[in-house]
Amino acid sequence: MTSQCFNELGLTPNDEPKTDSERHTRKIVSAAKKMILTANEFRNAAGAGHGRDVDNETEVAAADASLVTSCGLILASWLIKNSEN
């Protein structure tokens, strides 16, 4: 879903960045996107959803979950702001 949002908003550029600022921004956005995609992979592998045994899920520390949540909120905010342009 994350990649689809980027594609729908035209935020998956194929051209080279025009400025250093744009290059740095793209790196930051790419890292945030990668974190969300990795969190989704982890949720799918370790979560108790999709009929998995609830007693065998991998435990996630609250601080780690907070990091992923915060990054997701920041990325979502950035996507919304860019969808308005």
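Summary table below
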item: Given charges at Cβ of Lys, Arg, Asp, Glu: the chain dipole, positive-most of 80, 61, 38; result: 80
item: Those trypsin sites (Lys or Arg not before Pro) in segment 10-48 that DSSP places in a loop and that have at most 15 other beta carbons within 10 Å; result: 18
item: Cα principal axis extents for the chain, largest first, Å; result: 51, 25, 22
item: Residues in segment 57-81 reached by a label modelled at residue 42 [backbone nitrogen below 18 Å; 7 Å Cα→Cβ]; result: 57-76
item: Nearest-ten-degree value, helix 62-83 long axis tilted from longest Cα axis of the chain; result: 30 degrees
item: Rounded to 10°, Cα long-axis angle of helix 20-46 versus longest principal axis of the chain; result: 20 degrees
item: For the chain, size of Cβ-based charge dipole, Lys and Arg +1, Asp and Glu -1, in debye; result: 300 debye
item: Accessible surface of the chain [probe 1.4 Å, protein heavy atoms]: carbon and sulfur percent; result: 56 percent
item: Net length gained if the chain between residue 30 and residue 80 were fully extended (0.36 nm per residue, minus Cα distance); result: 16.4 nm
item: For the chain: accessible area per residue (Å², 1.4 Å); result: 77 Å²
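The values are calculated or read from the model by the stated rules, or taken from the named source; none is laboratory data. Everything numeric here is computed off the predicted structure, so don't read it as measured data. As a convention, Cβ positions derive from the backbone with ideal geometry for all residues, glycine included, and neighbour counts pool all protein chains shown. With ligands, DNA and RNA removed, areas are computed over all heavy atoms of the protein, side chains included. Shrake-Rupley method; radii C 1.70, N 1.55, O 1.52, S 1.80 Å.
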